[in-house]
1. Given an 8 Å cut-off on Cα distances and at least 6 residues of separation, report the relative contact order of chain C as a percent.
2. Taking the beta-carbon count within 10 Å as an exposure proxy, list C:Leu139, B:Leu505 from fewest neighbours to most.
3. Expressed as a whole number of Å, what is the distance separating the alpha-carbon centroids of the stretch B:493-557 and the stretch C:438-501?
4. Please report, in debye to the nearest 20, how large the charge dipole of the protein assembly as shown is about its Cα centre when each Lys and Arg carries +1 at its beta carbon and each Asp and Glu carries -1 there.
5. Within straight cross-link reach of C:Lys714, meaning Cα distance under 30 Å, which lysines are found once same-chain residues fewer than 8 apart are removed?
6. A 21 angstrom limit on the alpha carbon distance is what I want to check against. Which of B:Lys180/B:Lys209; B:Lys304/C:Lys63; B:Lys202/C:Lys55 exceed it?
7. In nm, to one decimal, how far is the C:Glu245 label point from the C:Leu213 one, both placed 7 Å along Cα→Cβ?
8. Output wanted: per-residue J couplings in Hz (rounded whole) for the stretch B:215-232, from phi through Karplus 6.51 cos²θ - 1.76 cosθ + 1.60, θ = phi - 60°, x for Gly and Pro.
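FYI, it's all coordinate maths here, none of it is from the lab. For clarity, every value in this text was computed on a predicted model and none was experimentally measured. A quick note on method: Cβ atoms are made from the backbone with ideal geometry, for glycine too, and the neighbour counts reach across all protein chains shown.
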Amino acid sequence: MSDEEEDFDKEEFVTLISSDGFKFIISKEIAEVSGTLRNMLGTSFQEAESNRITLHEIDGVLMEKIIQYLHYNFQYKDQVDVPEFDIPTEMALELLVAADFLDV
Amino acid sequence: MSRRKADKKENEPEVRGPNSALTAFLREQGIDAGAIRRRYEQSLLTERNEQTSHLYEQEDESFEENEIILAAIEKRRRKRAEANADGSYSDSSFSGDDLKDSHYCMNCDREFRITVYSKKVEKDGKVGYLCIKCTRFQIEQEGRKKKAAFEARKKRKKLASALLNRQELKIPSLQDICIKLLSTHIDDVHALGDISVVSMNKISRILSKNRSLNNRTMMLFLDATLKHLEFWDCSNIDMAYLDKITTFCPKLESITLNMCGQLHNSNLISFAQNLLSLNSVVLNGPFLISEPTWIQFFELMNEKLRLFHVSNTHRFSDQCLQSLLTNCGGRLESLSLSRLDGLSSKAAYDVLPYHLKNLKLLDLSNPFKENLIDDNLIISILSVNGGSIETLLLDGCSGLTDLFLVKGVKKFCPFLKRISLESLDQVTDNGFTQLFDGWNINSGLIEVNLKRCSGLTDRGLFTFLSHSASSLVSLNLNSVYSLSRTLFETLSRTLRFPLLTTLDLGFVRSVDDKAIAILSRICPKLKELEVYGNNRCTQRARIRRGLKVLGRQSDSI
Amino acid sequence: MLGGNEIRKSKIRTPKKTFLSQVDYEKSWEQLDEAIKQIYQKNASTLSFEELYRKTYNLVLRKQGKFLYDNIYNSIKSHLENDVQPRIIQFMEDDQIDKFVLLQKMSTELNDHLLSMRMISDFAMYLDRVYVKEAHLPLIYDTGLQLFRDYVILPNDNKVGKKVIKLLLQSIDEIRSNKIVDKFLIKNIIFMFESLPDEAGSYYDTYVEPDFLEDSRLYFEKVSSELLLEQNGSLYISNIIRLIEEEKNRTALYLPLSTLPKLVELMDKALIATKIETVLAFENEGLSKWVAEESEFELNSLYKLIGRIDNEYHILRTHLKRLLISFGEALDDSTNKAIADGPETPKKKATTHFVTIWIESILNQRGVYERILQNCFNRDVNICKTIDASFALILNANKRISEYLSLYIDHFIKQSLKEKSENESEEILNKVVAIFSFIHDKDVFEKYYKNHLAKRLLNPKSNSYDIERNLISKFKSVAGETFVSKLSSMFRDINISKEESKQFQEQLQQEDVLPLNNNKKVSMDVNVLTHLIWPLPLTETNVRFPEILFNLKEQYAAFYAQKHQNRRFNWAPNFGTVDMRMTYGRRTYEVNMPTYSAIIILALFSTDYKAQYTYEQIHQELQIPENDLKRQLLSISVAPKTRLLVKRPMSKEINTEDIFQINEKFQSPQIKIKVLTVSTASKLENDQQRSSTLTEVNKDRKFETDAAIVRIMKARKTLTHNNLMNETIKQLANRFSPPPSLIKQRIESLLEKEYMERDSEERNLYHYLA
């Protein structure tokens, strides 16, 4: 792992690492849409200390979609006119499992 | 009106129609014949500004209206300009005149030239106009406001309809989105794989709801390790596929089949023969199962059944019940016999106490006839099963009176948690006060349904609530007409309901805003409160955040 | 043929499915268990949340929820049982350890546990979300709290709990006795108990609060009992006010909000409700002293304190009433004592003096209570009512209150008025009217007042006229128009008479027929009084007027007859006065004397001042009624300062043989002399007079009752006996309280006179007969 993401403000961003090694840097606020990630960042476990979360059961493709959803949810909460969230049909089952895991 | 008044103020005495200002304006613009115009030309130069501002004074009410007028003016002016192309009069002389009288913007205090589009505003008691920039901004803002108001109205509408459907207006979870997608594309699913039980049940229910649980989709839920199976709509699953349940899920312990009109005699027998661990059977609507099959089934299941719920079939006869009891009665922990028109003799019911010993749940709701179930029957059942019984569902057993409460429930039921007594009109305050007053062996009921128990009033209810206030989670008092405001006022002073989550007070007419406010305060966990038909419940009721009040007239769309 | 392992091209990818065995589950759990231990050791930062979560997730997904839940349960339990509890017990049993250290330790232990539980329940969130919900079990975190309660606090008959509560209460007691205690520690301990769940509440609710309240009760009882021993109400009140305030401030920091109302209730009961009666009754620094001294602080505090327990102030009202009644009972004695102790004045023995002092005492007392109500009792409606009722009670207990009050007013207008400023007298009038409003038998008052007023009107003092009018309008506002109608008519008579006398005077001057007497002008004022309104006896007299008076009289009669036709005119020489200049030796005196005296002197002595007459002769000559004559003669021949005549023999009584003649040797230091008739000043009636007054009153009451009944029947036409009785009582309430027997009697009489009749069937029903 390089140090480049260390440049980001630790207070606001978190690095998510997929099972196949992709790194996603997103704001904590958005990550915390997920109950699982919220708890991970909220207690004094390793992840909270290092601001890096490795998700061993989720690959990069799924991760990307999930992060899209996190943004979507964050953006449209408390709004009435919410567009549909689009999911490729073939991904639905895998995504369901990942969503269950992340509590989103 | 305001316009007309303004006219008079400006010394134009004649009575005019609503467009008088416009015609006056046009006339003075010299739209008439050139001669008249020339005559007026001189005076026009001095009067024009005054006239313009005058026009604006008249239009403080509706911006839109002004725009229409202004558009009309604009249009005619252009026409006139064309018509007078050869005349000495031109727009430039017109605007040159404007320059004489410059204004300061009410908003940004900059000097500007007033035009017909300038917006008139009132600020700090002064009346004036806005510059072009500020006017545009102002118009945009008003548009935004209108849009926001429209959005708010739309949102209210949506909220109201969501409330009616008991949904919360939230962004669907990713899981729900996936499940919905899967349900619509269920034909493309080969296997469900490692998804959670919760998700699996959700998918199964959605399929049932969509009536798309069929021979093929059913197979997705079958699994060799499966112990519990619930299908909420089996009407599209035929006999052959129902049989597959036994082959694919040999470890099944409990099976729940709703709307199982396709369940054949052979299916049931096959369940009994092949599912060796089966101990719980819930069947709703198994009307193809014949009397001999039932009897054979119970014989096969001898001593194995712990839970047996059957409803909505006229073929379940007195003999079937007899067979159930003799073969499986001793171990039954949960028995539900509901809407079974084939059970028509009192003698069949009367033997229940002789076979049942370990009941936790007993449901005898909606018997064929009122007189089939009487106080003595329930008292005898409770005398044997009182030590274990937790749930007692007696909806529609309207032959019951206070007696079974006082002599049965009070005496024998220390662990009773749920009771449902819908439409028991012979139950009165006397029964309730005698039951709950000093019922120390029972530490409180959790779920109580007293819908349409019209014999109950404040006194009985209060004794009951005093007993169970700290344990109640769900309470239905729908159509208990005689409850009065006094009850709620008394409750307000004396009781708190720390766990109460749902409460139905529909058609209890004494419930008003004040009662809602009281309940909102004394039930800190209350989430849903139904007040259908209580027209004194309004929007004004003061309620806690997180409490949904359903059924107020004011909430309808 | 379709089957489970049928291969079909699927668009939707299926997640990989891994099969785990029981062995794998056990292994997962061992890792989780190790992690839990690390969490207890506060080494969480070495653990990966994701890993722990993934393990619980997989276990739950493979339907191992129960396995996991039970294991976590047991792991926590054994930690608490084997590590935490022994540690705490060891601490508890060490007598060397200061209790605050111990409490601190306790608080730390729980906080550590809560933190650990937070972390465990966080990584086990999937268990909570799926299995726990489905199985209707308490969440992991709540389970942890329950376990703490069950395996640390409650074991051995709540041993640890009891000990901590004991120490806690000790600490709170220390705070109460102003020792320095770490209140945050107390707060933490209470918070700890609050966070432990219990049947439908918290451990705090079940175990701590009752003990705390009982402990507090004992404390307040002790403090208040000690204070009571001082027998000093002021001390008690100021102390408990401080105590309540302090206790509130003390507990604000650490006491749960739900307990505060209970504590306040407890304080109110222990400090106020059960004690205040005793405090009020203290002779020394109790209610009576505070009222007597108008101790604003004490009374106001008392009001506030009692308001906490009873917003209708029953105790206070009972005591105020008792106080006022005993004041009323002692009033006659205290008045006598005041007179005895007062300065020696000639008036000292006079009954009016007694009445003045008596009424003034009442007025003063009224003033005291007014001020107290205003300044200390916030004009509380209930207390006002009680005080008014009590005043009414003590006033009406005096049967002669109407006479007292009227007499007092008479005295006030005649005597004290000139010493008071306008504001002062206005204030007194208001108080007087307030007392008037308490009097039940207002008709009796009217009787007396009319008498006194008549005398005053006929004998007016300067500037009293405005006061009289003012009073009348005040009476009107209290008792209504009808009450003052007769009084107003009296005023009207006087006004009209004044006007007409003036006209008469002018007329005489114009006509120049003014009768002359030694070339001196004579003038005359006449008061024409309506007979029925004025409380004066109508006496036909044949008094022979001396010529000069006779002439005036005749002229006035002619003047009056010219203005008003059909009126009978009766002269009442027994009223009024005559001013004369009389010359004795070289000095001329201006003498003001009653009309009768003037008649005597003018008729008998004006022509021949040496003439002598016997009493009998005078009587024969002048036809003045004997009683009046005797009184007049006493005034002008016996009274020491006004012996205008000489009586022989000189004695204090008038006998028929006595001889009278002008006293040539009359001398007086003053030029202006006033002949006082014996007993013109208003006095208390003696018993005989009083009974005759009452007889008159009773006679009037009959009329009034009749009138009321007829009025009611006329309006209602038909009425039952009971209703008629009630209505009548209501109508007359403003005048007097009629006894039912009177009404019954009047009804009978009206039935007889056929103003109404009984219903032919229902004997209790009356019909009005037009």
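1. Dividing the mean separation by the residue count of chain C yields 7 percent.
2. C:Leu139, B:Leu505
3. 67 Å
4. In debye, rounded to 20, the protein assembly as shown gives about 4840.
5. Straight-line reach from C:Lys714, under 30 Å: C:Lys442, C:Lys447, C:Lys476, C:Lys486, C:Lys699, C:Lys702, C:Lys730, C:Lys744, C:Lys753.
6. B:Lys304/C:Lys63; B:Lys202/C:Lys55
7. Reported label-point gap for C:Glu245 and C:Leu213 is 2.7 nm.
8. Going residue by residue, I get 3, 7, 4, 3, 4, 4, 8, 7, 7, 4, 8, 4, 10, 10, 10, 10, 10, 8 Hz, with x marking Gly and Pro.
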